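Everything on this sheet refers to the single structure shown next.
The values are calculated or read from the model by the stated rules, or taken from the named source; none is laboratory data. Remember, it's a predicted structure, so these values are computed and weren't measured experimentally. Using ideal geometry, Cβ is built from the backbone for each residue, glycine included, and neighbour counts are taken over all protein chains shown. Calculation scope for accessible area: heavy atoms of the full protein, side chains included, ligands and nucleic acids excluded. Shrake-Rupley method; radii C 1.70, N 1.55, O 1.52, S 1.80 Å.
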Amino acid sequence: VWWAFPVAALAVVAADGIIAMTVEPKHADFFWGLGVGAGAALVMVVFDSPPWHIERWRVGANGERATAKALRPLVVAGWTLITDIATGRGNFDHVLVGPRGVFLLETKNLSGIVSVERGVLSVRWHEDPHDGHENPRLARRVRGAAAELHKALREHGSPTRVQPVVVLWATFEQRSLLSDRVAWIRGKEVANVLKERPVELSAREIGKVTQALLAFSVVPDRSLS
């Protein structure tokens, strides 16, 4: 709807011009300038205030980009990061393969203070720690996605365990924990935490998993910024 922005701006300028010519024709230049400024301000405010469903998508996309950037040291070290794998019912944000295992990463970019207990994600607002909300279904959904990916890998000849991970971009004092069979990790710590895990895959096994993932018609993400 890009065309709506200049239309809205022109409407403001025209209305201001009509008022100027009717009420204060001697100061028309001032009012025309005021109208242009008001029109430009309106465009900037509307452009920066999209509908919530668009804003939510943008916040989520920013979180996924932050996760990809945080994983860059592992990619540089030879790990394989594959992004945005379509499943027919949605997508996997990131799949990471390295000597420490296969990880399916779901990113959550949240405002507030978050914590996890028994697999339930809780969000509390900075302004009022007693107010917020909980997400009891996230762990089950991420485990289901990991199981779906494990099944697909097995069908392509690589029956490797897939660890579900939720990457949290928020105030997360717990830093990293395993709760309800899901790893919950603070965004800035994700590379260090995964690098500290014990070795699970040989070079041969990593190659088999990578080839199986490439069979899904995706491309490894080597252009992180």
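As I understand it, the dipole of the chain uses +1 on the Cβ of Lys and Arg and -1 on the Cβ of Asp and Glu, about the Cα centre. Which of 165, 139, 97 lies farthest toward its positive end?
97
For Cα pairs less than 8 Å apart in space and 6+ apart in sequence, what is the mean separation divided by the residue count of the chain, i.e. the relative contact order in percent?
Relative CO of the chain lands at 19 percent.
So if I place +1 on the C-beta of Lys and Arg and -1 on the C-beta of Asp and Glu, and nothing else carries charge, what would the dipole magnitude of the range 114-171 be about its Cα centre? I want it in debye, nearest 20.
Here the size comes out at about 480 debye.
Dividing the alpha-carbon Rg of the range 78-135 by 2.2 N^0.38 Å yields what?
Against the compact-globule rule of thumb, the ratio is 1.51.
How much of the accessible area of the chain, probe 1.4 Å, is carbon plus sulfur, in whole percent?
Result for the chain: 58 percent of the exposed heavy-atom area is carbon or sulfur.
Which Cα, out of 86, 193, 68, lies furthest along the positive dipole direction of the range 56-194 (beta carbon charges, K/R +1, D/E -1)?
86
What distance in nm separates the two pseudo spin-label positions at residue 15 and residue 200, each 7 Å out from Cα along the beta-carbon direction?
Between residue 15 and residue 200, the label points sit 6.0 nm apart.
Using a simple charge model, +1 on the beta-carbon of Lys and Arg, -1 on the beta-carbon of Asp and Glu, nothing else, what dipole does the range 78-200 show about its Cα centre, in debye to the nearest 20?
460 debye
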